[in-house]
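See below for the structure under consideration.
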Amino acid sequence: MEEDNGYIDGADVSLELNGNVAEAGLAISKSKKRKLDKRKEMLERTLVQDAAEMKMLQNNLFASIHSPVQFGKQDDVHDDDDDDDTALFFVDRYAKSQLSAYEEDVELFQGVKEEKTDKKKPVWVDEEEEQTNVDIAKVNRLRKLRKEEDERLISGAEYVSRLRAHHAKVNPNTDWARLDSRSENGQFDYESSDEEDKVEMAHGYENVEAVDDILRTTDDLVVKGSAKLLPGFLEYSKLVDANSQEPANGAINSVQFHRNAQLLLTAGLDNRVRFFQIDGKRNTKVQSIFLEDCPVKKASFLPDGSQVIITGRRKFFYSFDLVKAKVDKISPLVGREEKSLETFEVSPNSNIIAFGGNEGYILLVSTKTKELIGTLKMNGTVRSLSFADDGNQLLSNGGDGQIYHWDLRTRTCIHKADDEGGFKGTSLCTSPNGSLFAAGSYSGVVNIYNRKEFLGGKRRPMKTIDNLTSKINFMKFNHDAQLLAMCSKQNASGIRLVHIPSFTVFSNWPPPNSSMGLPRCLDFSPGGGFMAVGNTLGNVLLYKLHHYQHA
């Protein structure tokens, strides 16, 4: 029995030793795990602090004026992990292989929301900005910063703010650099960048309280170039010629932008009509049409953009279908003996083409059938035509010095009056909304009228512009009627740009010491951002007008 007891005692000792070893091993394992957890926690805090410091450095060095964070304020990142149960994705730059077992936890840290941040006070404020006043009317380069014509002194802080805004206006950010240019999967969405009518919130700002303020107002979210254009000094830049890839071999008689603002038509005496895709840099040639028997005097898109009407000093004209890429020759109009159809205008509704005919006749032709549908008769020769009231009314002038208003629904003259100071009418132009019209004469005088007042019997013009002393061949309002271009073919650089609200001519146009040549035609892009000028040398000069943000 004693031996048995000894054996039993030995077994107990062995079991006790094995239990102590197991407990020691478990304690060591727990100790290692606590060390790893502690090291992980320290790395997480270090990563948060590094991210906060990096963000502060980026804000200080590369802060954008378009950022929703206010100027002089930065984000403060909380590093208290005890109060925030948000998981963090981190990359350990210090431990190499020791934490490789935790690579599977990376997926647990992805897709979490951002930490709440508080805004810090500005680190430094320049007190002299508020004490300093800047005279922005004294220096020519600073006049562009004025919001009102008679504004002179502004504070230093306001001066800095306007400089930043002007820089952003002239040098807008590219689409790929904006926060809202990324889709939900983090990739760049190039297709949606062209959708101008869709409002998108930048990633990370979907829940800001400012959304409620936007929904409570009817103000425009984006200013679409409707701001007032200031007189005196015009901001513009000279770009690569619109037809640099293929200049014409003769004088340019017509330039016009398509309604999509990307396609430009040029036509001239070399019997060719060319189309260019305008981007201001390359201006790629798209297509060219050669008309063997017709040196082009005028070419014009239909307002709906479907066709181009091409005329010359011929008794026939051409129609080019843009969709089918087909040229049709339209035979002489039945019952008419006109030898030239070079003067014409297309109605804004794309229904009627009005040609200037012989002996004061105005020929009305359908754009669909290309057949004569009616005639109008004025006393003098027809020199110029212009539509109004969405194509329901037509203005004409000519050799008798009078301006006629026609109602095309009844085919009757509803008003006729003398153009004050105009010896012979040579050009007419109506503003896009039809409220104003300008009449140019053989003597170089341009009268600007309020059309409603003129029809009511007031014959005195709102303003007479006499900056040109030779025959006015061409005039054009831009899309918002803040600019009027006047063109005379007889003088080198014979173009003037009139600021309509003040009825004054811009002092820095035409460009000094420029090789503009003899201008023959001009057009503004639909959004006002581009201006194209054709000259006798076969070149189409292209300019960017900085006031307008869209082509």
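Listed peptides 388-398, 365-375, 152-162 appear in the order 388-398, 152-162, 365-375 once ranked by packing, highest mean of other Cβ atoms within 10 Å at the front. Surface composition of the range 234-378: carbon plus sulfur atoms hold 45% of the accessible area, using a 1.4 angstrom probe and ignoring ligands, DNA and RNA. List the residues of the range 361-375 whose backbone N lies under 20 Å from a point placed 7 Å from the Cα of residue 293 along the Cα-to-Cβ direction. Of the residues in the range 361-375, 370-372 have backbone N under 20 Å from the label point off residue 293. Is the range 495-542 best put as rounded, prolate or oblate by its Cα gyration tensor, with a ≥ b ≥ c the root eigenvalues, rounded for a/c under 1.5, and otherwise prolate when a/b is larger than b/c, oblate when not? Oblate is the answer for the range 495-542, as a/c is 1.5 or above yet b/c matches or exceeds a/b. Highest mean packing first, where packing is the average number of other Cβ atoms within 10 Å per residue, the peptides 39-46, 529-536 line up as 529-536, 39-46. Taking all protein chains into account, the per residue accessible area for the range 321-374 stands at 53 Å² (1.4 Å probe). In this simple spin-label approximation, residue 450 and residue 336 carry label points 7 Å from Cα along the Cα→Cβ vector, and these lie 3.6 nm apart.
Once a ≥ b ≥ c are taken as the square roots of the eigenvalues of the Cα gyration tensor of the range 333-434, is the result rounded (a/c under 1.5), prolate (a/b larger than b/c) or oblate (a/b not larger than b/c)?
oblate
Each Cα pair under 8 Å and six or more residues apart adds its sequence gap; the mean of these over the residue count of the range 477-517 is a relative contact order of 30 percent. Sequence-distant contacts, meaning Cα pairs under 8 Å at least 6 residues apart, place the relative contact order of the range 326-419 at 18 percent. Ranking 372, 404, 394 by how far each Cα lies toward the positive end of the dipole of the range 286-415 (charges on Cβ) leaves 372 at the top. In this label model, residue 323 and residue 160 are separated by 5.7 nm, measuring between points 7 Å along each Cα→Cβ vector. Within the accessible area of the range 399-438, the carbon and sulfur atoms contribute 50%, probe 1.4 Å, all protein chains present. When the range 452-523 is described by a simple charge dipole with +1 on each Lys and Arg Cβ and -1 on each Asp and Glu Cβ, the residue from 454, 467, 515 located farthest towards its positive end is 454. Shape analysis of the range 126-171 places it in the oblate category; the axes a ≥ b ≥ c from the Cα gyration tensor give an a/c of at least 1.5, with a/b not above b/c.
Here the peptides 340-348, 285-293 are ranked by packing, the mean other Cβ count within 10 Å, and the order with the highest first is 340-348, 285-293.
Tell me the per residue accessible area of the range 391-453 using a 1.4 Å probe; a whole number in Å² is fine.
37 Å²
In this rough spin-label picture, where each label sits 7 Å from Cα along the Cβ direction, the residue 29-residue 359 distance is 11.6 nm.
The values are calculated or read from the model by the stated rules, or taken from the named source; none is laboratory data. Since the structure is predicted, the reported quantities are computational estimates derived from the model, not experimental observations. Don't worry about glycine lacking a Cβ; one is built from the backbone with ideal geometry, like all the others, and counts go over all protein chains shown. Note: accessible area is taken over every heavy atom of the protein model, side chains too, but ligands, DNA and RNA are not part of it. Shrake-Rupley method; radii C 1.70, N 1.55, O 1.52, S 1.80 Å.
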